[in-house]
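Trainee: One structure coming up, written as structure tokens, with questions to follow.
The values are calculated or read from the model by the stated rules, or taken from the named source; none is laboratory data. These figures come from a predicted structure and were not determined experimentally. Cβ: placed from backbone, ideal geometry, glycine included. Neighbour counts: every protein chain shown.
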Amino acid sequence: MNTTIVVADDHPFMLKGLSDFLISKGFNVVGCAEDGKSAYNLIVKYKPDIAVLDIRMPILSGLDIAEQCKKNNIDTKIILITFDTDEDLYEKALKLDVYGYILKDFAIEEIETCIANALKDKPYFSDEIISHLKKIPTNNHVLDTLTKTERKIISLIAENKTSQEIASDLSVSIKTIHKHRSHIISKLKLNSGPTSLLVWANLNKNNF
């Protein structure tokens, strides 16, 4: 069954270009919208696998839609596209557990990879976005509290490996990896969303 997608952008040319591209790649685009309210209504109606949303749209923003989906337990995976490299917007997106955050300049080049990752429950963020963010300050004392195994797990997370892949690499159960991840998140005082540790690992991979 083809992956179902809703696409929303208040720029008609961007909307048409992205939806036509996704259709040409075999995806099932079930609806398109030029404002946030229409996009959210399409998501509620069709419950698509993926929603590709512009962050800044009339009525409801992409972030507003992500918040509503999370609040109402809608399983659609949200991918945000934007011209913004604003750190506050990015941090809000992380807290809402979005599965993708890519710059519009690279949307056509990256959207297939982003969708493929999202379908495997692996968040994807443009390298260009990461490079524009200020490096999160690292508290070396906190890093010192991590065990050798926890540091190894973080390094594997930074390679975008899933918990199942890490469990296989370390020859342990996935339950053990989940427990380690929970301890790491607690020690680093991160939010418990599925993307927070991945982003922290990528931003700080040279420190461990």
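Trainee: Taking interchain pairs and intrachain pairs at least six residues apart, which have beta carbon atoms under 8 angstrom, with the first residue in the stretch 93-106 and outside any strand (DSSP E or B) and the second charged (D, E, K, R) and modelled with pLDDT under 80?
Mentor: Listed pairs, sorted by first residue: ASP105/GLU128; PHE106/GLU128.
Trainee: Suppose we keep only residues that are in a helix (DSSP H, G or I) and basic (Lys, Arg) within the stretch 160-179. Which one would you say is surrounded by the most Cβ atoms within 10 Å (Cβ to Cβ)?
Mentor: LYS179
Trainee: When you go through ILE43, ILE79, ILE5 one by one, which is the residue that is under 20 Å from VAL199 (Cα atoms), within 18 Å of the chain's Cα centre (by Cα) and modelled with pLDDT of 90 or more?
Mentor: Sole residue among the options that is under 20 Å from VAL199 (Cα atoms), within 18 Å of the chain's Cα centre (by Cα) and modelled with pLDDT of 90 or more: ILE79.
Trainee: Take the residues of the stretch 1-32 that are assigned to a loop (DSSP other than H, G, I, E, B) and out of contact with any Gly (no Cβ under 7 Å at 6 or more places or on another chain): which is farthest from ALA107 (Cα to Cα)?
Mentor: Selected residue: MET1.
Trainee: What do you reckon, is TYR40 surrounded by fewer than 17 Cβ atoms within 10 Å (Cβ to Cβ), in contact (Cβ under 8 Å) with a residue 24 or more places away in the chain and under 18 Å from ASN73 (Cα atoms)? Don't jump to the end; show me each part of the working.
Mentor: Working: surrounded by fewer than 17 Cβ atoms within 10 Å (Cβ to Cβ): no; in contact (Cβ under 8 Å) with a residue 24 or more places away in the chain: yes; under 18 Å from ASN73 (Cα atoms): yes.
For TYR40, the condition - surrounded by fewer than 17 Cβ atoms within 10 Å (Cβ to Cβ), in contact (Cβ under 8 Å) with a residue 24 or more places away in the chain and under 18 Å from ASN73 (Cα atoms) - is not met.
Trainee: Within the stretch 84-102, can one find any residue that is within 15 Å of ASN41 (Cα to Cα), surrounded by 18 or more Cβ atoms within 10 Å (Cβ to Cβ) and in contact with a strand residue (DSSP E or B) (Cβ under 9 Å, 6 or more places away or on another chain)?
Mentor: no
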